[in-house]
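The values are calculated or read from the model by the stated rules, or taken from the named source; none is laboratory data. For clarity, every value in this text was computed on a predicted model and none was experimentally measured. Here Cβ is always computed from backbone atoms with ideal geometry, including for glycine, and neighbour counts include all displayed protein chains. Accessible surface is based on the protein model in full, side chains and every heavy atom, while ligands, DNA and RNA are left aside. Shrake-Rupley method; radii C 1.70, N 1.55, O 1.52, S 1.80 Å.
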Amino acid sequence: MNGRCVRELVRKEFLQLFRDRRNRPLLIVAPLLQLILFGYVVTTDVRETRLAVVDESRTPLSRSLIEAFAASPAFRLQASAADARSLEEDLLQRRVDLGIHIASDFAVRLTARRPAEVQLLFDGSLSHLTSQRAAAAQAVIEDWNRRLLSLGSEPRSPAGGGIEGRIRTWYNPNLESRPYFVPGIVAFLVMLLSLLFTSLAIVREKEAGTMEQLIVTPLRPVEFLLGKTIPFFLVAQGQMVLVIGFARAWFEVPLAGSAVFLFAASGLFLVCTLGVGLWISTVSRTQQQAVLTTFLFLVPFFLLSGFVFPIERMPLLVRAAARLNPLAHFLVIVRGVFLKGVGPTVLWPSCLALAGIGAIVFGAALLKFRKRPG
Amino acid sequence: MAEAVAVRGLSKRFGRFTAVDGIDLTVQEGEIFGFLGPNGAGKSTTIRMLCGILKPSGGCGRVAGLDLFRDAERIKRRIGYLSQQFSLYDDLTPYENLRLFLGIYRVAPSLWAERIEEAVASVGLRPDLHRIVRGLPPGARQRLALACALLHRPRLLFLDEPTSGVDPLARRAFWEFIGGLTRQGISAFVSTHHLEEADRCGRVALMHEGRIVACGPPRRLVAEVLPERPEAGLEDAFAILLRGRAA
């Protein structure tokens, strides 16, 4: 292998990349725009659940429960419904997301030290949202219960000495979705761009006929592939810096761990994605085919990564497939570094997996390329 | 190295299809060798085998003094190749293209300035050296492609239909340039559609359906095929040769 030759190829690739005016926004603006878009769109936080209440109790106790809901950022008191029927109508028309029905004997039962019931009505047609809203509502009620008990003037709990779990959520104390998702977006964006740029850069040479010219030169396949991948490796790492910096500044997502380790790990991750990009370029004749094939890869990579849908809940076979997904491993690393601040001592299995997948994918692409570059 | 190309029984089969059927070829040092024939005759396949891109199915021979089978990779260092579309990077400048090929051909960097200067002077690219290739006329692009193919000073140049899409004036300049090269002992192996260009070749070979139908100096070929018509051209001779094969 000849270092000077690779250097000139890298130089040429950079010249082409930055000379094309259409590429510049793609390189810088696109990742930031996507980050912002994803950052605002991909959120599972319960906010502003519209609430309607039918209070048949009309007592200080029932009002304090309603106030507890109103005080929570997860809920917004929309209106007081006149009766149960109009509450149902509100839910049906999607004017509200949650209906609370406080029965007339609510305060009476509580002061008589008997359990009182509050009916919570949710719209089950939005199952994923509803389960989270139900949990948030449950939390408000439990919180209110606890305060009621600690007031002293009120009756003590009938199950006096029971176990009370004190839950502390570490690493993301408020269980906000943004610190969870934004690091994943960083990984996903870098994968998308590195895949696309690599496969396109090689297929473009085929389309332009320059590949034919290169084959007649003493250029070795490995030199060519390095010349094609080094620039995009560097560009992708640059985008990592850009996107992470932006995620911290704009979304205020804390980076708890070592940035150096994160870049080392993303280096391993990029070997995998660049390998896939090379492979795509060997099976595509036109840039259009390359783009379509890239998206064919992106969807399973995305779904089987644990980015949105937890891998732990998938069927066994699918979980096994997810183990082969570099994005899944990189997400473990990215979230570990961002949220937990852990390093190689904890994350080495994921790093090892990335290195293994990278070696196999890149090696296979190299072999395939050697056999039939065109 | 008296013979730039010397192959015997060269053949290439793709599955059951025989593209090149056991041809013999010799090209002398400093010779312009014209390679003619209709589309699909096997010209490109032959050139690709001689350049070391395509592994022959059979035969033996040497190109640029190296064995076609054992030294295919090293052959690439000794030959220059100019494809039909002058495959250059059209979003780079001529200077950037030249620099890239200097790197690819492993020319020592201490020689780069000198080689670029030489290339620019010989093909007359000076005013366009730092302009994007895309904007240059076809003639200038062709000269740049030639300059790139000559940077590593090959002794043998393969030109695959180099004059398609170039205006007559540029074509004439091109052939004069090739003539100048051969006077330095460089051989040129040229495939072309333009039969009138064949007159500029020392010898020509006519290929048809994977075989070489006729080979020799153009004038002599015509005289052999049409002895009674001294005014006849290569075109007439080839028409008779190809018709004879078809019958």
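Positive contributions from Lys and Arg (+1) and negative ones from Asp and Glu (-1), summed over other residues with Cβ under 13 Å from the Cβ of B:V20, come out at +4. Estimated at the nearest 10 Å², the accessible area of B:H130 is 130 Å² with a 1.4 Å probe. Can you tell me the 0 to 90 degree angle between the C-alpha axis of helix A:259-283 and the longest principal axis of chain A, rounded to 10? Tilt of helix A:259-283: around 60 degrees. Volume per residue of the convex hull around the Cα atoms, evaluated for region A:1-160, comes out as 215 Å³. If you take the Cα centroid of region A:274-335 and the Cα centroid of region A:89-119, the two points sit 47 Å apart. The mean count of C-beta atoms from other chains within 10 Å of the C-beta of residues in B:90-103, rounded to a whole number, is 4. Accessible surface of chain B, 1.4 Å probe: 50 percent of it comes from carbon and sulfur atoms. The slack in the chain from A:R370 to A:F18, taken as 0.36 nm per residue of separation less the alpha-carbon distance, amounts to 123.9 nm.
Here the simple spin-label model places points 7 Å from the Cα toward Cβ, and for A:L126 and A:E252 these points are separated by 2.5 nm. Within the same chain, aspartates and glutamates fewer than 8 places from A:K206 are excluded, and of the rest, those with a Cα less than 16 Å from its Cα are A:E13, B:D90, B:D91.
Both chains summed, the buried accessible area for A and B stands near 2500 Å², from protein heavy atoms and a 1.4 Å probe.
Put a plus charge on the Cβ of each Lys and Arg, a minus charge on the Cβ of each Asp and Glu, and nothing anywhere else: the dipole of the protein assembly as shown about its Cα centre is then about 1320 debye. Residue by residue along A:197-210, Cβ atoms of other protein chains within 10 Å of the local Cβ number 2 on average. Expressed as a fraction of 2.2 N^0.38 Å, the C-alpha radius of gyration for region B:120-247 is 1.24. Rounded to the nearest 10 degrees, what's the angle between the helix B:234-246 long axis and the longest principal axis of chain B, both from Cα atoms, 0 to 90? Relative to chain B, helix B:234-246 is tipped by roughly 50 degrees. With every protein chain in place and a 1.4 angstrom probe, the accessible-area ranking of B:K55, B:K43, largest first, reads B:K55, B:K43. For region A:11-116, the solvent-accessible area works out to 58 Å² per residue, with a probe of 1.4 Å and every protein chain left in place.
For chain B, the per residue solvent-accessible surface stands at 44 Å², with DNA, RNA and ligands left out and a 1.4 Å probe.
Over region A:215-374, accessible surface divided per residue gives 46 Å², non-protein components excluded, 1.4 Å probe.
By the helix-only formula, in which each DSSP H run with n ≥ 4 contributes -39500 (n - 2.57) and the sum is divided by residues, chain A has a 222 nm mean residue ellipticity of -22000 deg cm²/dmol. In region A:183-275, the alpha-carbon atoms span a convex hull of 89 Å³ per residue. Return one number: the angle in degrees, 0 to 90 and rounded to the nearest 10, between the long axis of the Cα atoms of helix A:221-250 and the longest principal axis of the Cα atoms of chain A. It is inclined by approximately 30 degrees. Here the simple spin-label model places points 7 Å from the Cα toward Cβ, and for B:R219 and A:L149 these points are separated by 11.6 nm.
Here the simple spin-label model places points 7 Å from the Cα toward Cβ, and for A:R11 and A:A135 these points are separated by 5.6 nm. Beyond 38 Å, the tail of the calculated P(r) for the protein assembly as shown holds 54 percent of the Cα pairs. Overall, region A:50-140 carries a charge dipole of about 240 debye about its Cα centre when +1 sits on the Cβ of Lys and Arg and -1 on the Cβ of Asp and Glu, all other atoms neutral.
Taking the three principal axes of the alpha carbon atoms in chain B, the coordinate ranges are 56, 43, 33 Å, sorted in descending order.
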